[in-house]
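**Q** Structure below; questions to follow.
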Amino acid sequence: MRNTALAVVLVLVAGVSDAAAGLAYEAPKIAPGDTVEPPADLVAQATALLAAARRKDAAAAGAFVGERVATISHSLDIGRPPHVGSEDTAGPPERRLAPLGSHTGGDWDIPRTADGRTVDVGAFLTKMELDFIVQSLTDGRPWGRDAAAAGAICTYAAPKFDRRTVARAAKRLGVESSVFREPTEPVDLLAEPKPGAAVIARLEPGRLYAVDYDAGEPIGWAAFHLPKGGSGFVADLPGGGYPFEPPYVSGLCFAKSATGTWTIVAQTSTSL
């Protein structure tokens, strides 16, 4: 009877230890997107678009918007495919930006005046879109392709990964797929959140690893689930944050029209 009770206790202790160590999982592969060197005429027209957006000239900027623009809307949960819709942007150039202003990502509300009235919605969304154009054309990323905007040249190169693999890894760990990150460089993870602690794993670019938000690490450290099970720790960078990035995308995609002008044919954003 004592032996049986002892066996039960040992099984329970082992189960607690395994749970505390964390589950093993397959870190999903991720590859860089296909980059493209934009042709000279696209660069020239994008430069003109940027200048118009910076001076808040909606009519001049709207002239670069196609009559129908695909909207590629991602959520933070990268295990889910984006929602692809479209906006009818035909009409006078100065009115073409507002329909796209609600597809700029992030989290926002239409502001109100001091007496509680909402501001001019069209003007507000136009400003949102002008700001989005400036951001898309100045963020310094290489131009490239996005499978969701076939044939277009985009201000970003969409990374390649299998969303179903990410969803499976998230389900196994019991986390949201929004917690997965790719190292921007090889990163050594430590056994404890302390300088000089033992290195227990090296995480390389080309894989997505899950942040462990339940590790209870002190301020200035981040924890990640290790593919072999358990968690490891990395100190924050001097400027804050850690050397990992989520594969989020946003920006503009251009195609040449029948008249030879490069126009915006798709807009990609990531929202909550």
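The values are calculated or read from the model by the stated rules, or taken from the named source; none is laboratory data. Just so it is clear, the structure is predicted and the values come from calculations on it, not from any experiment. Every residue, glycine among them, receives a Cβ derived from its backbone with ideal geometry; neighbour counts consider all protein chains shown. SASA here: full protein model, heavy atoms, side chains in, ligands and nucleic acids out. Shrake-Rupley method; radii C 1.70, N 1.55, O 1.52, S 1.80 Å.
**Q** Is it the case that Ala167 is outside the structural domain of Gly79 (by the TED database), small (Gly, Ala, Ser) and surrounded by 19 or more Cβ atoms within 10 Å (Cβ to Cβ)?
**A** No: the conditions fail for Ala167.
**Q** Would you point out the residue of the range 227-272, among those that are over 16 Å from Ile153 (Cβ atoms) and charged (D, E, K, R), that is modelled with the lowest pLDDT?
**A** The qualifying residue modelled with the lowest pLDDT is Asp236.
**Q** Of the residues Pro142, Pro159, only one is surrounded by fewer than 16 Cβ atoms within 10 Å (Cβ to Cβ) and under 23 Å from Val265 (Cα atoms); which?
**A** Pro142
**Q** Could I ask something else about it? Read through the list (1) of a type in the set (Val, Ile, Thr); (2) surrounded by fewer than 20 Cβ atoms within 10 Å (Cβ to Cβ); (3) outside the structural domain of Gln135 (by the TED database), then give the number of the only condition that Val234 fails.
**A** (2)
**Q** May I pose another question? Picking from Asp188, Asp236, which residue would you name as being touching a Leu at 6+ places or on another chain (Cβ under 9 Å) and among the acidic types (Asp, Glu)?
**A** Asp188
Residue by residue, here is whether (1) under 21 Å from Phe161 (Cβ atoms); (2) open to solvent by less than 20 Å² (accessible area, probe 1.4 Å) holds:
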position	(1), (2)
Pro186	yes, no
Leu190	no, no
Lys194	no, no
Leu203	yes, yes
Gly206	yes, no
Ala210	yes, yes
Glu217	no, no
Gly220	no, no
Ala223	no, yes
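**Q** Going through the range 124-174 one residue at a time, which ones are part of a loop (DSSP other than H, G, I, E, B) and in contact with a Lys or Arg (Cβ under 8 Å, 6 or more places away or on another chain)?
**A** Ala152, Thr155, Tyr156, Ala157, Ala158, Asp162 - these are the residues of the range 124-174 that are part of a loop (DSSP other than H, G, I, E, B) and in contact with a Lys or Arg (Cβ under 8 Å, 6 or more places away or on another chain).
**Q** Still on this model: Kindly provide the set of residues from the range 106-139 that are in contact (Cβ under 8 Å) with a residue 24 or more places away in the chain, charged (D, E, K, R) and either open to solvent by less than 70 Å² (accessible area, probe 1.4 Å) or touching a strand residue (DSSP E or B) at 6+ places or on another chain (Cβ under 9 Å) (or both), ordered by number.
**A** Asp107, Glu129, Asp131, Asp139
**Q** Something else now. Going by the conditions given, is Val199 open to solvent by less than 30 Å² (accessible area, probe 1.4 Å) and either more than 23 Å from Leu100 (Cβ to Cβ) or over 22 Å from the mean Cα position of the chain (by Cα) (or both)?
**A** no
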